[in-house]
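The values are calculated or read from the model by the stated rules, or taken from the named source; none is laboratory data. Please read these numbers as outputs of a predicted model, since none were measured by experiment. Every residue, glycine among them, receives a Cβ derived from its backbone with ideal geometry; neighbour counts consider all protein chains shown.
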């Protein structure tokens with residue numbers, strides 16, 4: 001155990017986070033508010049703000065890496081859109097299948113996405129071109145639809161597991177008084193208004209009803 005690299009964090013919903021006093025060989029371990037694990041940020045409060053900001057930063061870095069193609073007027077629009085779908089958008093949606101995403105998070109991602117699509121289309125806000133028209137020309141489905149696709153794909157994967165598998169279905173916990181936090185299963189129930197969740201047992205059928213492909 002490396003005491004200099006080992007840190008501790010308290011996962012709690014309380015307003016006041018308890019301060020831990022963990023001492024190993026006379027050295028107190030540092031208490032942190034968030035840490036990065038397998039590319040995703042985990043906060044002590046369970047919120048997604050840090051994770052969404054990291055995804056937006058990753059999306060911006062990916063877009064800058066392919067900006068030579070995006071801003072090249074000799075490149076066809078179809079090729080630019082393909083570069084965006086394969087290089088930029090995945091950087092924004094890494095780990096999205098497990099997010100308890102809120103509307104404010106989706107708004108931030110969509111604002112960043114439409115900024116990229118405007119650059120691909122070669123227009124600015126002064127051109128007063130509607131976002132729906134830009135998406136139709138670039139042939140990119142909305143970001144919220146791709147998030148829903150990722151979440152439903154993971155839901156189907158977990159739901160089809162048996163009790164003996166490593167990935168198991170977690171039991172729902174009771175809520176506290178007051179306004180409840182949005183849970184991952186709440187997002188899945190919202191998805192169920194558009195997708196028949198009873199088809200999750202059939203993998204082929206589930207893939208067909210949950211997929212949100214980009215326009216051809």
Worksheet item: Any idea which of (1) surrounded by 14 or more Cβ atoms within 10 Å (Cβ to Cβ); (2) not in a helix (DSSP H, G or I) is the one residue 162 doesn't satisfy?
Response: (1)
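Let's see how each residue does on (1) touching a helix residue (DSSP H, G or I) at 6+ places or on another chain (Cβ under 6 Å); (2) in contact (Cβ under 8 Å) with a residue 40 or more places away in the chain:
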position: 86; (1), (2): no, no
position: 90; (1), (2): no, no
position: 97; (1), (2): yes, yes
position: 104; (1), (2): no, no
position: 110; (1), (2): yes, no
position: 125; (1), (2): no, no
position: 131; (1), (2): yes, no
position: 136; (1), (2): no, yes
position: 152; (1), (2): yes, yes
Discussion item. Given the criterion over 27 Å from residue 78 (Cα atoms) and modelled with pLDDT under 80, identify the matching residue among 189, 177, 160, 151.
Written reply: 177
Practice prompt. May I ask you to list the residues in segment 1-16 that are more than 18 Å from residue 37 (Cβ to Cβ) and more than 26 Å from the chain's Cα centre (by Cα)?
Written response: 3, 4, 16
Worksheet item: Within segment 112-121, how many residues turn out to be in contact (Cβ under 8 Å) with a residue 40 or more places away in the chain and over 27 Å from residue 37 (Cβ atoms)?
Response: 4
Discussion item. Can you tell me which condition residue 101 does not meet? The list is (1) in a helix (DSSP H, G or I); (2) under 13 Å from the mean Cα position of the chain (by Cα), and all the others hold.
Written reply: (1)
Discussion item. If I filter segment 48-84 down to residues being in contact with a helix residue (DSSP H, G or I) (Cβ under 9 Å, 6 or more places away or on another chain) and outside any helix (DSSP H, G or I), which single residue comes out as surrounded by the most Cβ atoms within 10 Å (Cβ to Cβ)?
Written reply: 48
Worksheet entry | Residue tally, condition in a loop (DSSP other than H, G, I, E, B) and loosely packed, with under 15 Cβ neighbours inside 10 Å, over segment 34-47 | 3
Discussion item. If I ask for residues that are part of a helix (DSSP H, G or I) and without any contact (Cβ under 8 Å) to a residue 60 or more places away in the chain, which ones from segment 138-148 would you list?
Written reply: 143, 144, 147
